[in-house]
Amino acid sequence: MYGKLYSACLYGIDGVMIEVEVDLSSGIPQTSIVGLPDSAVREAVDRVRAAIKNCGYRFPLQRVTINLAPADLRKEGSAFDLAIALALLAASDQVRLPPEERLLIIGELSLDGTLRPVPGVLSMVDRARRDGFSAVLLPQDNAGEALLLGGIRVYSLGHLSELAPPATDDIHQTANVLPPLRSTQGQEGQAPLVLETLNHLEQKPTAQGSTADMPPLLDYSDVLGQRHIKRALTIAAAGFHNIVLIGPPGTGKTMLVQRLPSILPPLTSEESLEVTKIYSSAGKLNDSGQGLILSRPFRSPHHTISAGGLIGGGGIPKPGEVSLAHHGVLFLDELPEFSRGVLEVLRQPLEDRIVTISRSRASFTFPAHFLLAGSLNPCPCGYLGAEPPLPQCTCTPWRIVQYREKISGPLLDRIDMQVEVPRPQRWQEDPQPLGSAAMRDQVMAAERIQQDRYHGSRISRNSELYGSLLRRFAPLNPDAAKLLQVSFETLGLSMRAYDRIIKLSRTIADLDGETSIRAEHVAEAIQYRQLDRRQEIAG
């Protein structure tokens, strides 16, 4: 006897459809799973056997072969348990599935038949919807996640016994029937098409949702003064430019960066779905609350993080912090405290906005378009160049060199803005501190200009300009071009830094409502390359 159902697994953050085939044949009773299963998939046999028996069904005492196709794709996780169980029950005539339905089946079984949630449901259901599947059957705890997508019916299951009560008569005489997965009336000659045991859930509108239940964001009105730094952060948010703040301890670097999400533009519907899929595949969606993720991610990993934790990895790679910060902010506090090897892995995602992790059997690509924000002290003790009443620097030149060498020149080239944060003057009054609302208005105005400018192109923000697009959308007037050329020769800038200054100047011009890039826009952009200027002074 033979049975086939459909389940799914994750490949990176994308869902892949898997055929679950079951063959029952004569021979010594044994069960084998083929198709490159990992340990969790091989252990499904014991979970499925116990769940079937504890729910009153009969586990076939035959030679059972379970194949997960395609056979050349490695399978991992416990999402196949429910599909394997139903395929076994269908092949042994204990349940009958609706033949007219293309049904995706996902879920992990406990030994008593209870369904447990699995990660990555959003990506799997999205793939099934695009492949023409009409319904999905999954654990109750994953139902809310699946309902975020329209165009496919969602049925939740809390326990395996809810499908149909096991037969009390001879199993070969009367088969339990799983009603077709519809909520309409039955046709002539068929059983009524009514679901009495399964929970058919209604789709919920998910266009943009509501932000009323979100925790309040930190506000820049809490920061007195520092208007120059707030201006720099407004520019960074408007064009999605990478930024690092440099200053002695206690100047508010961390406080300033933590408020950056409060001035970022909201996620679009496409961005929201993409971010939610990443968190779903990483098993972190429940940590963010039910529903689509509407606010931009803000990730702040500890400096002891490994390169795999930052970039992603594992036997079958999972998203790292750079992907969890997709369309949001990745904040690295005290940059030199991170190991140099960890920081160097950022170079490729900062340039390409994706992460590619290769393994012997496959190559996985994760999105990683994030705004990198960092902070650092000028030296290990933090007081290099400080004036009284701050303490004097006690670091030797060699320690300062070692400290700064943690951040390589190529990595600094990829950071558009390097801004010094002065020590705040507590005695100065700031009767009307610049708050997030006013800064956000400026960011949104620049965002609308960029949307109109890049409509129909492959990019959406100034920081993404490259090659011919840079020359087309960010032309310099003669004075601006001359100033940039002089600065290029004087400061010894790289060509990458040269291009990034132009992108930054384009954003500054947008914030000022100017169509052309003038010399003052270039001058302000150069002002934010503090570490380049320091190298010139040191030379």
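Quick one: would you say Y498 is farther than 20 Å from L233 by Cβ, touching a Lys or Arg at 6+ places or on another chain (Cβ under 9 Å) and surrounded by 13 or more Cβ atoms within 10 Å (Cβ to Cβ)? Break it down stepwise before answering.
Values: farther than 20 Å from L233 by Cβ: yes; touching a Lys or Arg at 6+ places or on another chain (Cβ under 9 Å): no; surrounded by 13 or more Cβ atoms within 10 Å (Cβ to Cβ): yes.
When the stated conditions are applied, Y498 does not pass them.
Within segment 66-86, which residues are under 21 Å from T114 (Cβ atoms) and either of a type in the set (D, E) or modelled with pLDDT of 90 or more (or both)?
Start the filter on segment 66-86 by keeping residues that are under 21 Å from T114 (Cβ atoms), which leaves 77-86.
Within segment 66-86, S78, A79, F80, D81, L82, A83, I84, A85, L86 qualify.
Of the conditions (1) modelled with pLDDT of 95 or more; (2) not in a helix (DSSP H, G or I), Q392 fails just one. Which one is it?
Of everything listed in (1) modelled with pLDDT of 95 or more; (2) not in a helix (DSSP H, G or I), Q392 misses just condition (1).
Based on what the data block shows, is I400 farther than 29 Å from M255 by Cβ, touching a residue at least 12 places away in the same chain (Cβ under 8 Å) and β-branched (V, I, T)?
Working: farther than 29 Å from M255 by Cβ: no; touching a residue at least 12 places away in the same chain (Cβ under 8 Å): yes; β-branched (V, I, T): yes.
Taking the combined requirement at face value, the residue does not satisfy it.
Is it the case, given these coordinates, that T251 is crowded, with 21+ Cβ neighbours inside 10 Å, within 22 Å of Q226 (Cβ to Cβ), touching a residue at least 60 places away in the same chain (Cβ under 8 Å) and outside the structural domain of G12 (by TED's automatic domain parsing)?
Values: crowded, with 21+ Cβ neighbours inside 10 Å: yes; within 22 Å of Q226 (Cβ to Cβ): yes; touching a residue at least 60 places away in the same chain (Cβ under 8 Å): yes; outside the structural domain of G12 (by TED's automatic domain parsing): yes.
Yes: the conditions hold for T251.
Taking segment 353-378 as the search range and keeping residues that are outside any loop (DSSP other than H, G, I, E, B) and without any contact (Cβ under 8 Å) to a residue 12 or more places away in the chain, which one is surrounded by the most Cβ atoms within 10 Å (Cβ to Cβ)?
The residue in question is T356.
Please specify each residue of segment 48-77 satisfying the condition of being buried (at least 19 other Cβ atoms within 10 Å of the Cβ) and among the β-branched types (V, I, T).
Result: V48, I52, V64, I66.
Check A497, A446 and return the single one that is aliphatic (A, V, I, L, M), in contact (Cβ under 8 Å) with a residue 60 or more places away in the chain and touching a Leu at 6+ places or on another chain (Cβ under 6 Å).
Details: A497 fails: touching a Leu at 6+ places or on another chain (Cβ under 6 Å).
On inspection, the qualifying residue turns out to be A446.
Please state which one of I52, I84, I106 is of a type in the set (A, V, I, L, M, F, W, C) and more than 36 Å from the chain's Cα centre (by Cα). Talk me through it step by step, then tell me what you get.
Working: I84 fails: more than 36 Å from the chain's Cα centre (by Cα); I106 fails: more than 36 Å from the chain's Cα centre (by Cα).
Sole residue among the options that is of a type in the set (A, V, I, L, M, F, W, C) and more than 36 Å from the chain's Cα centre (by Cα): I52.
Suppose we keep only residues that are closer than 22 Å to K277 by Cα and β-branched (V, I, T) within segment 316-348. Which one would you say is surrounded by the most Cβ atoms within 10 Å (Cβ to Cβ)?
Result: V322.
Kindly indicate which of R440, R448, R500 is under 27 Å from Q348 (Cα atoms) and in a helix (DSSP H, G or I).
After ruling out the rest, the residue left standing is R500.
I'm told D333 meets every condition in (1) within 23 Å of the chain's Cα centre (by Cα); (2) acidic (D, E); (3) farther than 20 Å from A237 by Cβ except one. Can you identify the failing condition by its number?
Failed condition: (3).
Restricting to segment 38-65, name every residue that is at pLDDT 90 or above and farther than 19 Å from A90 by Cα.
V41, R42, E43
Might you check whether a residue that is modelled with pLDDT of 90 or more, within 15 Å of the chain's Cα centre (by Cα) and closer than 29 Å to Q527 by Cα occurs anywhere in segment 277-291?
No, that holds for no residue.
Quick grid of which residues meet (1) in the same structural domain as L264 (by TED's automatic domain parsing); (2) crowded, with 18+ Cβ neighbours inside 10 Å:
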| site | (1), (2) |
| --- | --- |
| P388 | yes, no |
| T396 | yes, no |
| V401 | yes, no |
| G409 | yes, no |
| I415 | yes, yes |
| L434 | no, yes |
| D441 | no, no |
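Within the group L476, L465, which residue is in contact (Cβ under 8 Å) with a residue 40 or more places away in the chain and either over 18 Å from G239 (Cα atoms) or touching a strand residue (DSSP E or B) at 6+ places or on another chain (Cβ under 6 Å) (or both)?
Only one candidate qualifies: L476.
Has segment 470-487 got any residue that is of a type in the set (D, E, K, R), surrounded by fewer than 22 Cβ atoms within 10 Å (Cβ to Cβ) and closer than 18 Å to M417 by Cβ? Write out each step before concluding.
First pass over segment 470-487, keeping only residues of a type in the set (D, E, K, R): 471-472, 479, 482.
Applying the additional criterion that residues be surrounded by fewer than 22 Cβ atoms within 10 Å (Cβ to Cβ) yields 471-472, 479, 482.
Then keep just the ones that are closer than 18 Å to M417 by Cβ; that gives none.
No: zero hits.
The values are calculated or read from the model by the stated rules, or taken from the named source; none is laboratory data. Remember, it's a predicted structure, so these values are computed and weren't measured experimentally. Here Cβ is always computed from backbone atoms with ideal geometry, including for glycine, and neighbour counts include all displayed protein chains.
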